[in-house]
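Input: a single structure, listed below in structure tokens.
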Amino acid sequence: RASPSAGAISIAADAAGQAAAYVAAGARCVSVLTEESRFGGSLEDLRRVRAAVDAPLLRKDFVVDAWMVDEAAEAGADAVLLIAAAVEPSLLAELEKRAHSLGLDVLLELVHEWDLDALELREWDLVGINARDLETLEMDVDRFGRLAARAAAPGRLLVAESGIRGPDDVRRYRQQGADAALVGEALMRAERPGELIASLIEAG
């Protein structure tokens, strides 16, 4: 509903209705922001989305403690986001282990080149590369291209994150090795998100 970089986006959005529209249009999974103070989300949003759709759900938040992983599982998530830059390596490995013990997948998010070191901690099946610097909020559309080759591994899916507004962005990331795209703000702003999703799927 909001973000530190964009401010208010769609404050009155109904999470369940939005997710249902995404899935009906062909989205393969749904990311639900549960951080309240900066993004206007909640765990209740996740629960409502779980009740509305059968697609896999990602809890997208700044997960920094095992109890947050437990919360995600209780609220119906199928996966959690872990940000390499947000916690120490030892805790990152512990959070991944906790998630898997609860049957959750993990999307490991990288931003900086030094975040690549986290890839040595565990066997990560899902790795996202965020074009937005989480500290400065600045965008770097070339970041995925720089990091993708070093982040790639057999059986690993690479996810392009942030700054995806239309088919051209998906095509560019696909050419750089992306297997999936995580799209947030553009869909929340779209009057007809289903049409945008269809165009992104076609491009990918």
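The values are calculated or read from the model by the stated rules, or taken from the named source; none is laboratory data. Computed from a predicted model, the values in this text were never measured in an experiment. Backbone-built Cβ (ideal geometry, glycine too); neighbour counts: all protein chains shown. The area values use the complete protein model at the heavy-atom level, side chains included, leaving out ligands, DNA and RNA. Shrake-Rupley method; radii C 1.70, N 1.55, O 1.52, S 1.80 Å.
Kindly list, by first and then second residue, each pair from a residue in the range 63-90 that is touching a residue at least 24 places away in the same chain (Cβ under 8 Å) and at positive phi to a residue that is open to solvent by less than 50 Å² (accessible area, probe 1.4 Å) and not in a helix (DSSP H, G or I), limited to pairs with Cβ atoms under 7 Å and residues at least 6 apart or on different chains.
Hits for this filter: G76/L57.
Quick one: would you say A93 is touching a helix residue (DSSP H, G or I) at 6+ places or on another chain (Cβ under 9 Å), under 18 Å from R59 (Cβ atoms), open to solvent by less than 50 Å² (accessible area, probe 1.4 Å) and of a type in the set (A, V, I, L, M)?
no
Test S37 against the stated conditions and say whether it is among the hydroxyl-bearing types (S, T, Y) and modelled with pLDDT under 95.
The answer is yes for S37.
R165 - would you say it is touching a residue at least 24 places away in the same chain (Cβ under 8 Å) and among the basic types (K, R)?
For R165, the condition - touching a residue at least 24 places away in the same chain (Cβ under 8 Å) and among the basic types (K, R) - is not met.
Please specify each residue of the range 164-192 satisfying the condition of being surrounded by fewer than 15 Cβ atoms within 10 Å (Cβ to Cβ), assigned to a helix (DSSP H, G or I) and at pLDDT below 95.
R189
Taking the criterion of being within 16 Å of the chain's Cα centre (by Cα), modelled with pLDDT of 95 or more and charged (D, E, K, R), would at least one residue in the range 129-141 satisfy it?
No, the conditions are met nowhere in the range 129-141.
Give the residue, chosen from E195, E109, E202, that is surrounded by 17 or more Cβ atoms within 10 Å (Cβ to Cβ), among the charged types (D, E, K, R) and either assigned to a helix (DSSP H, G or I) or in contact (Cβ under 8 Å) with a residue 24 or more places away in the chain (or both).
Exactly one residue qualifies, and that residue is E109.
Of the conditions (1) open to solvent by 30 Å² or more (accessible area, probe 1.4 Å); (2) closer than 24 Å to E123 by Cα; (3) not hydrophobic (A, V, I, L, M, F, W, C), E161 clears all except one; give me its number.
All conditions pass for E161, except number (1).
State all residues of the range 68-83 that are acidic (D, E) and under 14 Å from D45 (Cα atoms); if no residue qualifies, say none.
Of everything in the range 68-83, those that are acidic (D, E) and under 14 Å from D45 (Cα atoms) turn out to be E71, E74.
Answer with yes or no whether V64 is open to solvent by 10 Å² or more (accessible area, probe 1.4 Å) and of a type in the set (V, I, T).
Here the answer is yes, as V64 does meet what is asked.
How many residues are crowded, with 17+ Cβ neighbours inside 10 Å and in a helix (DSSP H, G or I) when one looks only at the range 21-45?
The qualifying residues number 6.
Residue-by-condition table, conditions (1) open to solvent by less than 80 Å² (accessible area, probe 1.4 Å); (2) of a type outside the set (S, T, Y); (3) without any contact (Cβ under 8 Å) to a residue 40 or more places away in the chain:
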{"site": "L126", "(1), (2), (3)": "yes, yes, no"}
{"site": "T136", "(1), (2), (3)": "yes, no, yes"}
{"site": "R146", "(1), (2), (3)": "no, yes, yes"}
{"site": "R150", "(1), (2), (3)": "no, yes, yes"}
